[in-house]
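Presented below is the structure to which this report refers.
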Amino acid sequence: MGNVLVTGGAGYIGSHACKALSKAGFTPVSYDNLIYGHRWAVKWGPLELGDISDRQCLEKVIRKYKPQAVMHFAAYAFVGESVEDPGKYYRNNVVGSLTLLETMRDHRIDKIIFSSTCAVYGVPVKIPISEDHSQCPINPYGFSKFTVERMLEDFENAHGIRFVSLRYFNAAGADPEGEIGESHDPEPHLIPIILDVAVGKRDSLKVFGTDYETPDGTCIRDYIHVSDLADAHVLSLKYLQGGGESDIFNLGNGNGFSVREVVATARNVTGKQIFEVDWDRRPGDPSILVGGAEKTKQTLGWKAKYADLDTIVRTAWNWHIKSLGFRK
């Protein structure tokens, strides 16, 4: 069914999207600088080393593979780091995306699936968050994604590049078949940090804030399995191939789980003791982030296959144990 250029294809979500693309009959071409990606995660198509800001390298890869569409995952995504070093985020996430879009324009590639984030909403004024919620990002990471979404609209108006922007909530879990999974350094995500405590790589889990207006006082987040995210990207590509108009969709389960609930589930799944240490709130952490995905279901025909927390944690745990020998 043709080649698809996957920027950041060696990363956590990008590699799962490559597997989903391959299952659907496409050939994913991973384009990655391997700063956060991994060679071992590229299994379903070729890997081309390069940076999205490198116009010559991008053009060389595009001329070689002639992709019919782009899935764009290549971005820095650590909120705290974005506050400390905003230039890094605007340079890579915004300027790099601009280089990619201009290259697509010049090579007549007219379809792109963009990896966006619920961080574009900022602090929610209503729950669940729908796509028409006001956008007021509170950190440079969120602003960088917000800016690229606007760029996509402008490039469609000027150059006819149609897009789907997918606003993720909390990506979690791992490939149910155990072929790929999450591996970050440093690790920013709650579930793998909890699992590090379970295997003894960390002494305890810091619980940032225990006085939120939630049933147990800890933050509530919407966790969505990474394979469900990957499926949504393939459906978005098929939607554009079928003539669908550019659009924006949330990717969440519509259910939230607190930090304490995630820890309790991990104890049940792993059978391990997981020690917690109560800590101060982190600045800018909303008490509840839960997304509504009705529009995604109705328009794309998407439905989460791994929506329950136990399954999400169990797939993450299976991968965590398997990968201890080679994760770096």
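Among the residues of segment 254-262, are any of a type in the set (S, T, N, Q), modelled with pLDDT under 95 and under 26 Å from GLY80 (Cα atoms)?
yes
Which residues, taken from segment 131-153, are open to solvent by less than 70 Å² (accessible area, probe 1.4 Å) and either touching a strand residue (DSSP E or B) at 6+ places or on another chain (Cβ under 7 Å) or assigned to a helix (DSSP H, G or I) (or both)?
Scanning segment 131-153 gives GLU131, PRO140, TYR141, GLY142, SER144, LYS145, THR147, VAL148, GLU149, MET151, LEU152.
Kindly indicate whether any position in segment 13-24 is open to solvent by less than 20 Å² (accessible area, probe 1.4 Å), under 16 Å from the mean Cα position of the chain (by Cα) and among the hydroxyl-bearing types (Ser, Thr, Tyr).
yes
Out of segment 219-247, which residues are among the β-branched types (Val, Ile, Thr) and farther than 26 Å from PRO286 by Cβ?
Within segment 219-247, just VAL234 meets the criteria.
With the condition being closer than 27 Å to GLY142 by Cβ and touching a His at 6+ places or on another chain (Cβ under 9 Å), I'd like the strands (runs of 3 or more DSSP E) fully within segment 168-248 carrying at least 3 qualifying residues.
170-172
Might you let me know whether segment 117-128 holds any residue that is open to solvent by less than 10 Å² (accessible area, probe 1.4 Å), part of a helix (DSSP H, G or I) and under 28 Å from ALA41 (Cβ atoms)?
Within segment 117-128 (the criterion being open to solvent by less than 10 Å² (accessible area, probe 1.4 Å), part of a helix (DSSP H, G or I) and under 28 Å from ALA41 (Cβ atoms)), the answer is yes, since at least one residue qualifies.
Can you work out which of the residues in segment 201-226 that are within 19 Å of VAL313 (Cβ to Cβ) and in contact with a Lys or Arg (Cβ under 7 Å, 6 or more places away or on another chain) is most open to solvent (accessible area, probe 1.4 Å)?
Ranking the candidates gives ASP216 first.
Residues of segment 257-291 being within 15 Å of SER130 (Cβ to Cβ), touching a Ser or Thr at 6+ places or on another chain (Cβ under 9 Å) and surrounded by 19 or more Cβ atoms within 10 Å (Cβ to Cβ), which ones?
GLY291
Restricting to segment 154-196, what's the tally of residues that are of a type outside the set (Lys, Arg), over 18 Å from the mean Cα position of the chain (by Cα), farther than 21 Å from ALA307 by Cα and open to solvent by 10 Å² or more (accessible area, probe 1.4 Å)?
Qualifying residue count, segment 154-196: 8.
The values are calculated or read from the model by the stated rules, or taken from the named source; none is laboratory data. The shown structure was predicted, so the numbers you read here are calculated from the model rather than taken from an experiment. No Cβ is skipped: glycine too gets one built from the backbone with ideal geometry, and neighbour counts run over all protein chains shown. Calculation scope for accessible area: heavy atoms of the full protein, side chains included, ligands and nucleic acids excluded. Shrake-Rupley method; radii C 1.70, N 1.55, O 1.52, S 1.80 Å.
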